[in-house]
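This report concerns only the one structure given below.
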Amino acid sequence: MQRYFISVEQFRENTVEITGEDARHITRVMRGKAGDKIIVSDGLSREAVVELESLEQGLVTANIVEHLDMLQEARVKVTLAQSLPKGDKMETVIQKCTEIGAVSFVPFLSERTIVQYDAKKEEKRLERWRKICKEAAEQSHRNIVPAIEPPLTWSQLMKSFTLYDAVYFCYEKEQGSQLRDALLPFIQSVEASSTPNVLLVVGPEGGFSEGECRKAEEAGAVSVGLGRRILRCETAGMVALSCILYDFGEMGGV
């Protein structure tokens, strides 16, 4: 069943109103008609199966048939901090990690970031990333649309480490602790009823410098490896995120 995220204001007591691009998608792409059913969610506390009643240009109204429980989200909240990669790789990272289960994304600039940051173009790029994220969240039946923050500097990102229960710094030169080595003791320390917040930090194409690794550890991050093979920057976040969710039992893990 097709899913759409709408604003809180679009929910009424027994009906919903769908406008803008979502209304056009229902009418033109999905060729919806009265009587068809879809799922709508406000991304916060309400999610429902609704039956389309009227379809006009730019406006679709529907009646609420059934309220749904919002049980699709993982217990552990993982934010992916990704150093800006070149080309459209960030779009791939956002799309796939939204499908896997990230709750938010923090792009940042690091020492070896290749991308030339242009603040004037940033709003348009953020808008595109958020659109991709919303579509991926709908496709994968998420209960929320992950947040995407404006890019931070490396120092700004490190200052945010204190906001998380654990910070894992993915470093390809790490020869000691692997992600699972660091993760399992943390999982054992987490109370069953809690929802821990984890930050996963992934570098750019050229990786992190030794100085950045040292500063990250001084700021409270745990440097971890992701196995013997070197992963592309757009792959590392997907792999690490999947490992974290698996070990927390979100993908049939322990």
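Filter segment 8-53 down to residues that are touching a helix residue (DSSP H, G or I) at 6+ places or on another chain (Cβ under 6 Å) and surrounded by 18 or more Cβ atoms within 10 Å (Cβ to Cβ) and give me whichever is farthest from L71 (Cα to Cα).
Step by step, filter segment 8-53, then rank; the result is G32.
For segment 1-53, give me each residue that is of a type in the set (D, E), more than 23 Å from the chain's Cα centre (by Cα) and not in a helix (DSSP H, G or I).
Across segment 1-53, the qualifying residues are E13, E17, D36, E51, E53.
Kindly provide the set of residues from segment 207-240 that are within 16 Å of F161 (Cβ to Cβ), of a type in the set (G, A, S) and in a loop (DSSP other than H, G, I, E, B), ordered by number.
The answer is A219, G220, A221.
For segment 87-110, which positions are touching a helix residue (DSSP H, G or I) at 6+ places or on another chain (Cβ under 9 Å) and either modelled with pLDDT under 90 or of a type in the set (A, V, I, L, M, F, W, C) (or both)?
M90, V93, I94, C97, I100, A102, F105, V106, F108, L109
Being in the same structural domain as M90 (by TED's automatic domain parsing), over 22 Å from the mean Cα position of the chain (by Cα), surrounded by 13 or more Cβ atoms within 10 Å (Cβ to Cβ) and at negative phi: is that true of E234 here?
Here the answer is no, as E234 does not meet what is asked.
Kindly provide the set of residues from segment 1-35 that are under 20 Å from S140 (Cα atoms) and among the acidic types (D, E), ordered by number.
Passing the criteria: E21, D22.
In segment 134-186, which residues are in a strand (DSSP E or B) and buried (at least 16 other Cβ atoms within 10 Å of the Cβ)?
I148, L152, A166, V167, Y168, F169, C170
So the check is Cβ under 9 Å with 6+ separation or different chains; which pairs have a first residue in segment 93-117 that's in contact (Cβ under 8 Å) with a residue 40 or more places away in the chain and of a type in the set (D, E, K, R) and a second one that's in a loop (DSSP other than H, G, I, E, B) and surrounded by fewer than 20 Cβ atoms within 10 Å (Cβ to Cβ)?
Note: pairs meeting the criteria are E99/S140; E111/G206; E111/S209; R112/E205; R112/G206; R112/S209.
The values are calculated or read from the model by the stated rules, or taken from the named source; none is laboratory data. Remember, it's a predicted structure, so these values are computed and weren't measured experimentally. Positions of Cβ are backbone-derived with ideal geometry, glycine not excepted, and every protein chain shown enters the neighbour counts.
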